[in-house]
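The values are calculated or read from the model by the stated rules, or taken from the named source; none is laboratory data. Please read these numbers as outputs of a predicted model, since none were measured by experiment. Here the Cβ positions follow ideal geometry from the backbone for every residue, glycine too, while neighbour counts run over all protein chains shown. Heads up: the accessible areas ignore ligands, DNA and RNA and are worked out on the full protein's heavy atoms, side chains in. Shrake-Rupley method; radii C 1.70, N 1.55, O 1.52, S 1.80 Å.
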Amino acid sequence: MKDRRFFFIATYDDTTGCIVNDLLSQINAIACRQTKVDKLVGKNPLSDSSLLTYLIDTYIEKNTVSADKFNGNIQLFNAFELQNRTLLEKTKNAYYTAKIVASPELRVKLIMNQWIKTFNTNTNASIEIEKKIESLKKNKNSFYQTYKLPYFINATNEAFKKICGAKTTPEDRIFIYALSLTLALDTADLPTTSPAFDITKLCSDIAYFKNFVQRVTGNELAIDHDTEQSILARMEANARIIKNIDDTPINPEYTEIITRLVHQRLDSIYYPHLDKPLSFYYKQFNHYINDNTPEKEYTKLISIQLNSNRPAQLSLYFDNLENTCDDLSLIEVVVNIDDNDINMETMLLREINNRKFTIKYIKTERPTSFCDLWKPINKLLLISDPKAYFLLNISDEMFFLTKGWDTQLKKYVNYFEDGIFRLRASRNKFRNYFDRWECSFAQDSIPITTHKWVKLGGDWNPCFGPDSFQQLVAFYLAAEGAFSNKQYVRDIPVIDIEFFGDVPSIGIPSEKQWRHHHDHIRAMQICQSYGMQREAKRRAMLLLANIIAHNLQLENFNIATDETKSTLTLVDANKDLTIATLSYKINKTAIRTTNFLRKFRFFSYFGDGFNHQRSLIFGTLQYIKAVCRPVNLFYQTTKKLSPHFLAGLIKKHRIRLVGKIFGHLSKQRVSPLKRELLQLKSLYTEAMVENEKLKALQQAAKNHTNKEPA
């Protein structure tokens, strides 16, 4: 037993099996046989599981006395079945596996060719295959159920009706079943870890074929020169067979149906864990299936949208784009400027003619505060290219660091086939959100968002700001999948596109920092209000309804809104059938109560966390200082008082009483309030010492002046 090596090769059409067997038979050290047991052709005496057990266990047992060191079997089971059976058999016998892959159109032609050859005519083939499928259905065959064959037959029938109409010929029915089988087995086979080899390359590339042989023999077999020449001769003959079948004319509508289905995310045995379309896996074997559907086209890869009132800074930003971008023709920048800013308008008019990317601008009334900066962003959306795939709201301080970032960005086009997702590129890209408040201070400030995401919501935001509000939408969308094995997390961290300047409030003068901070808190409270939270969840459910519609491949659907019940209803318009009812109702009392109670420790919930939390009193005072200008002015004024004045003030007003209070408190157990007062006492003592030093210096200066000659 230990001197024998066994391998099994999975394919599911007879032609590829014959070709691989023919090539391997040229190698003397290999004894390879082909088992032609087709699930849809002929009568199978054994059940699926029993048959596979026979093929593996019995085959190995019968060949242990063979004179050949390498013994293989090519059979019409698929790679998924073989892989799962392999896991059980590993404890008994070690053997190697491989799967044979082909482009979907070639595979369909191979299967159709095999059926027609077996049953002589299209009519006979369609009748016999239909009978076999009905028999599998009646007997509840595991193959029929496990691989969801009825689902794929239905999907193929629907696609056929939309493109070719309801009437079918025998050839049409053979095509429908052949494509259904291809889709069912490829969705199961292609994601498996079993090494895959393309049938076309096996017949045309000797180095590729040698690699295949090494894989199935465990790198223990070398091919000599004479054997290689024999293989090359057979490769040429088999390549002609593949080419003749591949060149067989096929109805153009068939090709359109294949293209449409392989680009859709079809359910498989892996649902819901894998949601990639088959085209994703075909690309790994260099089978690129063109997708010419209009919704996949874009005229601009990205539309960058921003406010600016700094001509020099914006010009530097434009320089950064030209220095880091590979294809400037796919870039659009839309800018909002103040309506009376002549310098900005003059600069933009000049730049429009000098830059290789598209520049557009609008003029709006100068915002009265930081909280109003969100309003023009929605207007920028109106003039952006309607066929831009991605949108990015950013500031003119955030520069691209990655050279060729646009080339990297192209890889994410259709990352989700429904076009509803965001790419996160800021310092918060890997952050998880456990509470809605986190979306207002730790939002992703560089979210590259698909145009479809924003368009479905209607605009960027109904309040300040677009990044924090859209983070809330993503938060509610992900939260909808709580405790479910299907979650709709559509925020994708990207590590291959980097930015510089992703830190807010840099360069703001100290006298403006309080106003900026105050406006930020005010904007956050508006965003966290009940009305805005409800709107964020409504938009999240609207995105979810569209995701569900895409997953179910609904091409004609409606989404009805019931404001009184706070629900969205997804309806299949063709069948007048309700698919899903999604609620965007939230608890108004809980929202408002939470927002109020957190004011007592506001900054602990707004970025400081609880590692250094203050008492309720000082937490509340800190919040009041941040939102109330008179309190802040009083605080700033007392901070600026000189030690001399402060010491005099303390001495004049109740200094003895303060001393007694400190003396009393020093004997008590230290509490947060006492600790603060003790720190204040220490400051008072230091102030008085500094005051005495100042008096001494003033007296010395006065004495020195008196000693100088007149």
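Tabulated results
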read-out: Cα shape, the stretch 326-390, gyration tensor, a/c 1.5 rule; value: oblate
read-out: Mean separation of Cα contacts under 8 Å (6+ apart) over length of the stretch 333-373, as relative contact order %; value: 53 percent
read-out: Solvent-free Debye scattering, log10 I(q)/I(0), computed from the Cα coordinates of the stretch 531-626 at q = 0.17 Å⁻¹; value: -0.77
read-out: Phi-based couplings in Hz for the stretch 425-431 (Karplus 6.51, -1.76, 1.60; Gly and Pro marked x); value: 10, 8, 5, 9, 4, 9, 6
read-out: Per DSSP, loop GluC sites (Glu not before Pro) in the stretch 167-251 with at most 11 further Cβ within 10 Å; value: E220
read-out: Surface accessible to a 1.4 Å probe, F280 within the full protein complex, Å²; value: 90 Å²
read-out: The stretch 427-509: C-alpha gyration tensor shape, a/c 1.5 cut-off, then a/b vs b/c; value: prolate
read-out: Check: the stretch 307-458 dipole with +1 on Lys, Arg Cβ and -1 on Asp, Glu Cβ, in debye; value: 360 debye
read-out: Fraction of the pair-distance distribution of the stretch 145-226 above 22 Å, Cα-Cα pairs, percent; value: 50 percent
read-out: Computed lengthening from N558 to F434, 0.36 nm per intervening residue step minus Cα-Cα distance; value: 41.4 nm
read-out: Alpha carbon convex hull of the stretch 217-368, projected area averaged over orientations, nm²; value: 19.1 nm²
read-out: Largest to smallest principal axis extent of the C-alpha atoms in the stretch 356-415, angstrom; value: 40, 26, 26
read-out: Stretchable slack from I352 to K140, in nm (0.36 nm times residue separation minus alpha-carbon distance); value: 69.6 nm
read-out: Order by protection proxy (mean Cβ within 10 Å, highest first), peptides 554-566, 357-369; value: 357-369, 554-566
read-out: Backbone HN-Hα couplings from phi across the stretch 444-459 [Karplus 6.51/-1.76/1.60, Hz, Gly and Pro as x]; value: 6, 8, 10, x, 7, 9, 5, 4, 5, 4, 5, 4, 5, x, x, 6
read-out: Separation in nanometres of the label points that stand 7 Å from Cα toward Cβ, at T567 and T168; value: 3.7 nm
read-out: Global geometry of the stretch 383-526, whether rounded, prolate or oblate, following the gyration tensor of its Cα atoms and the 1.5 cut on a/c; value: oblate
read-out: Relative packing of peptides 617-627, 142-152 - highest average C-beta neighbours within 10 Å first; value: 142-152, 617-627
read-out: Cut-off under 5 Å, modelled amide H: who pairs with D198 long-range; value: V101
read-out: Length gained when the stretch K131-T118 is fully extended (0.36 nm per residue, less Cα-Cα span); value: 3.2 nm
